[in-house]
Amino acid sequence: MKRYFPFPEILFLIVLIPFITSCEKSPENPLKVSDVKHTGCKTYKSLVDKNQDCIEYQAADSNYLKINRINVAFNCCIDDIKIHTSIDQGGIITVKETEICPNPCDCICLYDLEYTIGPLEYGIYLLRIIEEYADTMTVAFEFSATTQGSYCEVRDGYPWDVE
């Protein structure tokens, strides 16, 4: 009697198993962005600390973080600013501030920007802000109902050091 060896079935399972185990649905980004507002291009006469790029942050509605950005560089002719967020399991929040500028001008200027992100659980976080025209800004903070703080980086070069 001839023995049947299920070679095709085994081969099928070997090929199929990685797809079955990798079909786990990735979790949706739990952080939402709301209340995004920005100034127009600031005149250099209105700048207080024009060589600084700053963040001010405070708890809002117990589980949200309101972020105020001061002197963020974008093209002079933006239509809007988009904020993208993500958070990893280690508590690193990444915020990417992106200009929407279909018809760019040949200049960069400074804006103030505010937005709210959340919900956040109470705990320790590292906030990384990725900007269009500057190095990434990183701030560590402990989030609670009373969180508030600020951090500034001195920026050299255009558009921060224009007289």
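The values are calculated or read from the model by the stated rules, or taken from the named source; none is laboratory data. Just so we're clear, the structure is a prediction, and the values are computed from it rather than from any experiment. Reconstructed Cβ throughout: ideal geometry from the backbone, glycine too, with neighbour counts over all protein chains shown.
Looking only at residues in region 117-146 that are under 24 Å from ASP80 (Cα atoms) and buried (at least 19 other Cβ atoms within 10 Å of the Cβ), which one is nearest to the chain's Cα centre (by Cα)? Once the filter is applied, the top-ranked residue is ILE129.
Just one of the numbered conditions (1) part of a loop (DSSP other than H, G, I, E, B); (2) more than 13 Å from CYS54 (Cα to Cα) is not true of PHE141: (1). With respect to the conditions (1) under 15 Å from ASP88 (Cβ atoms); (2) in contact with a Ser or Thr (Cβ under 6 Å, 6 or more places away or on another chain), TYR125 falls short on a single one, namely (2).
Part of a strand (DSSP E or B), among the basic types (Lys, Arg) and surrounded by fewer than 16 Cβ atoms within 10 Å (Cβ to Cβ): is that true of LYS96 in this structure? Working first, answer last.
On the way: part of a strand (DSSP E or B): yes; among the basic types (Lys, Arg): yes; surrounded by fewer than 16 Cβ atoms within 10 Å (Cβ to Cβ): yes.
So LYS96 passes the test.
Just name the residue that is nearest to LEU31 (Cα to Cα) out of those in region 111-138 that are in contact (Cβ under 8 Å) with a residue 24 or more places away in the chain and assigned to a loop (DSSP other than H, G, I, E, B). Write out each step before concluding.
Residues of region 111-138 in contact (Cβ under 8 Å) with a residue 24 or more places away in the chain: 111-121, 123-134, 137.
Subset that is assigned to a loop (DSSP other than H, G, I, E, B): 119-121, 131-134.
Values: PRO119: 6, LEU120: 8, GLU121: 11, GLU131: 19, GLU132: 21, TYR133: 24, ALA134: 24 Å.
Here the residue is PRO119.
Take the residues in region 33-57 that are among the basic types (Lys, Arg) and either surrounded by 12 or more Cβ atoms within 10 Å (Cβ to Cβ) or more than 16 Å from LYS96 (Cα to Cα) (or both); name whichever of them is modelled with the highest pLDDT. Result: LYS42. Evaluate region 79-90: report whether one residue or more is in a strand (DSSP E or B) and in contact with a Cys (Cβ under 9 Å, 6 or more places away or on another chain). The answer is yes; a qualifying residue exists.
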